[in-house]
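**Q** Take a look at this one; I'll ask things after.
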Amino acid sequence: MKIFDRYTHLLEWIQSKGHKPRVLGYAPDGAMIVCVKSGGEKEPAIFISAGSHSTEQAGVTTAVQLLDQLETEHQVYVIPSRDPMGMNGFGYALSLSLGEEPSLDSLEDAHAILRERGEVLYEEGSTLLVIIGEYGYSTRGLYGRLPKGASFLKPLLGRRIFFPSHANGIEGTAPCQRAYTLIVSPEGEVLHINRFHDTPWAPVEVRCTRRLMAEIRPGLTLDLHEYGGDAFWFSARHQRNDGDEKWEGRMADEMIQAVAHSGAQLVAETYLPGSFFTKGERGVFWLNPQERGEGLNLADFAAREYGPSFTIETGMRSRFQQRVSTSLLAAQTAVKVFEERYKGDTN
């Protein structure tokens with residue numbers, strides 16, 4: 001299973017396989033935000049994305065493998081990495097403000113550079129938030145930890161905050177190997193990049209995704225993620241009409257059954273990702289974005305505007321190969337049921 005160290009390596013790999021990426025736009029560092037088309041020409045299209053959280057690299061590898069392994073007559077559009085800047089690592093993120101990429105051998109090195117080179121905006125315990133140049137940098141995640149509209153966030157309104165990956169023992173995401181991207185909304189709320197899909201203000205990565213979805217109008221959306229555990233689950237969304245609701249339910253049932261039959265570990269019966277989820281079959285959760293707030297993520301937005309959509313979550317503490325294989329199986333199963341829905345449709 002290929003683990004991509006840098007975003008350029010991902011693009012080179014895709015091109016080496018004969019695919020021709022289409023440029024949707026450019027990240028603030030100039031990196032191309034791309035999609036790749038595969039599959040056939042039948043509509044409605046299938047949309048697959050990964051890497052909105054750069055620490056979740058098994059999803060990125062899965063998305064790339066699906067370009068060649070997903071056999072379908074339907075059009076398939078894949079955005080393999082929705083955060084190319086963060087994928088390059090915390091040292092790279094620092095280089096955007098420092099002018100050169102520092103050598104980071106440990107999280108302590110990162111902390112020392114922030115202390116030495118940054119203007120301190122906030123500090124509490126081991127949490128340090130600074131601004132250097134155009135960007136904010138933190139020693140740890142701030143999502144859900146800071147009050148909305150805090151005065152010390154004013155210099156960062158509409159800007160990004162990067163913090164280093166920090167967990168040991170995660171294949172594909174060692175400490176400092178990735179930079180997790182947070183966004184400070186114009187209202188002073190610290191969110192991550194997988195929000196803003198329903199807001200007029202949005203970072204470029206989200207706007208590129210929205211424009212593509214408006215063009216292709218996907219009948220199925222799969223967003224490939226990971227979480228900090230060692231098991232598998234996914235979230236579904238209730239649909240706008242009975243037909244979409246019926247088929248989303250069928251896809252959910254067959255996906256979780258296929259994963260369970262493969263021997264992959266499912267989350268415990270008692271597991272609940274958050275208070276805004278409703279439990280379905282073990283490993284299946286129905287998300288209510290209105291209860292969560294914060295704006296719509298990609299799958300929320302797809303469900304509201306286009307049709308069935310799932311967020312697939314593999315456990316980062318499992319082996320990388322297992323994570324990719326399970327994510328592949330879930331995606332392939334969803335597409336199989338999707339094809340049944342449109343069997344005989346000549347569009």
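The values are calculated or read from the model by the stated rules, or taken from the named source; none is laboratory data. Quick caveat: nothing in here was measured; it's all calculated off a predicted structure. A quick note on method: Cβ atoms are made from the backbone with ideal geometry, for glycine too, and the neighbour counts reach across all protein chains shown.
**Q** Based on this model, can you work out whether Gly263 counts as surrounded by fewer than 19 Cβ atoms within 10 Å (Cβ to Cβ), part of a loop (DSSP other than H, G, I, E, B), more than 18 Å from the chain's Cα centre (by Cα) and on the phi > 0 side of the Ramachandran plot?
**A** For Gly263, the condition - surrounded by fewer than 19 Cβ atoms within 10 Å (Cβ to Cβ), part of a loop (DSSP other than H, G, I, E, B), more than 18 Å from the chain's Cα centre (by Cα) and on the phi > 0 side of the Ramachandran plot - is met.
**Q** Take Gly30 and decide whether it is free of Cβ contacts under 8 Å to residues at least 40 places away in the same chain, assigned by TED's automatic domain parsing to the domain that holds Ile312 and either surrounded by 24 or more Cβ atoms within 10 Å (Cβ to Cβ) or not in a helix (DSSP H, G or I) (or both).
**A** Yes; evaluated as a whole, the condition is true for this residue.
**Q** Within region 154-168, can one find any residue that is surrounded by 15 or more Cβ atoms within 10 Å (Cβ to Cβ), among the basic types (Lys, Arg), at pLDDT 95 or above and more than 20 Å from Ser185 (Cβ to Cβ)?
**A** no
**Q** Show the residue pairs that are 6+ apart or on different chains and have beta-carbon atoms under 7 Å apart, the first residue being within region 302-331 and under 24 Å from Ser165 (Cβ atoms) and basic (Lys, Arg), the second being in a helix (DSSP H, G or I) and modelled with pLDDT of 95 or more.
**A** That search, which allows pairs on different chains as well, returns Arg323/Ala58.
**Q** List, please: which pairs have Cβ atoms under 9 Å, are six or more places apart or on different chains, and start with a residue in region 78-99 that is touching a residue at least 12 places away in the same chain (Cβ under 8 Å) and under 16 Å from Ala110 (Cα atoms) and end with one that is part of a loop (DSSP other than H, G, I, E, B) and among the aliphatic types (A, V, I, L, M)?
**A** Gly86/Ile193; Asn88/Ala31; Gly89/Leu104; Phe90/Leu104; Gly91/Leu104; Leu94/Leu104
**Q** May I ask you to list pairs of residues, at least six apart or on different chains, whose Cβ atoms are under 6 Å apart, with the first in region 276-287 being assigned by TED's automatic domain parsing to the domain that holds Phe310 and the second being assigned to a strand (DSSP E or B) and surrounded by fewer than 16 Cβ atoms within 10 Å (Cβ to Cβ)?
**A** Note: pairs meeting the criteria are Trp286/Thr278.
**Q** Turning to a different aspect of this structure: Under the condition of being more than 21 Å from the chain's Cα centre (by Cα) and of a type in the set (Val, Ile, Thr), which residue from region 266-281 is nearest to Ile312 (Cα to Cα)?
**A** Result: Thr278.
**Q** Any residue at all in region 12-26 that's part of a loop (DSSP other than H, G, I, E, B), assigned by TED's automatic domain parsing to the domain that holds Leu328 and surrounded by 20 or more Cβ atoms within 10 Å (Cβ to Cβ)?
**A** Within region 12-26, not a single residue is part of a loop (DSSP other than H, G, I, E, B), assigned by TED's automatic domain parsing to the domain that holds Leu328 and surrounded by 20 or more Cβ atoms within 10 Å (Cβ to Cβ).
**Q** Looking at Ser54, Ser49, which one is buried (at least 19 other Cβ atoms within 10 Å of the Cβ), in contact with a helix residue (DSSP H, G or I) (Cβ under 6 Å, 6 or more places away or on another chain) and on the phi < 0 side of the Ramachandran plot?
**A** Ser54
**Q** Let me ask something additional. Considering each of Glu116, Glu123 in turn, give the residue that is exposed (fewer than 15 other Cβ atoms within 10 Å of the Cβ), part of a strand (DSSP E or B) and either outside the structural domain of Thr221 (by TED's automatic domain parsing) or touching a Gly at 6+ places or on another chain (Cβ under 6 Å) (or both).
**A** Glu123
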